[in-house]
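Rule-based calculations on the coordinates, nothing more; no lab input. None of these values were measured; they are calculated from a predicted model. Neighbour counts run over all protein chains shown; Cβ positions are idealised from the backbone, glycine included.
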Amino acid sequence: MPLSDINCKNAKPREKPYKLADEKGLFLLVHSNGSKYFRMKYRIDGKEKLLALGEIHPKTTLKKARTKRDEARDRIAQRLDSNGARREI
């Protein structure tokens, strides 16, 4: 089941970091210190990679994280590595 804004906001820190899955590789990573990050897991050339989409706060909402995920998936479909493109800028 996909995440909601309420689920993201109400996610409480635990002793160890944990993930709340959304869809299409997007998940919310909740650290033990209470920080929350949107991440996306993907594969390119058979290698698993992780893309950071931002820390959760008013500027990076679930809707914006999904938009960034879709943009990254478009680049991946064109065989462009999102992390590699970010490093070149």
- Item | Spans of strands (runs of 3 or more DSSP E) in the chain with at least 2 residues touching a residue at least 24 places away in the same chain (Cβ under 8 Å) and on the phi < 0 side of the Ramachandran plot | 26-30, 36-44, 47-55
- Query: Could we say that Arg73 is surrounded by 14 or more Cβ atoms within 10 Å (Cβ to Cβ) and over 11 Å from the mean Cα position of the chain (by Cα) here?
  - Reply: yes
- Query: Quick check, is Leu29 touching a Phe, Trp or Tyr at 6+ places or on another chain (Cβ under 8 Å) and hydrophobic (A, V, I, L, M, F, W, C)?
  - Reply: yes
- What number of residues within segment 6-53 satisfy the criterion of being farther than 30 Å from Leu80 by Cα and among the acidic types (Asp, Glu)? 1
- Note on the structure: Reported set for segment 27-48 where residues are closer than 19 Å to Arg79 by Cα and touching a strand residue (DSSP E or B) at 6+ places or on another chain (Cβ under 8 Å) is Met40, Lys41, Tyr42, Arg43, Glu48
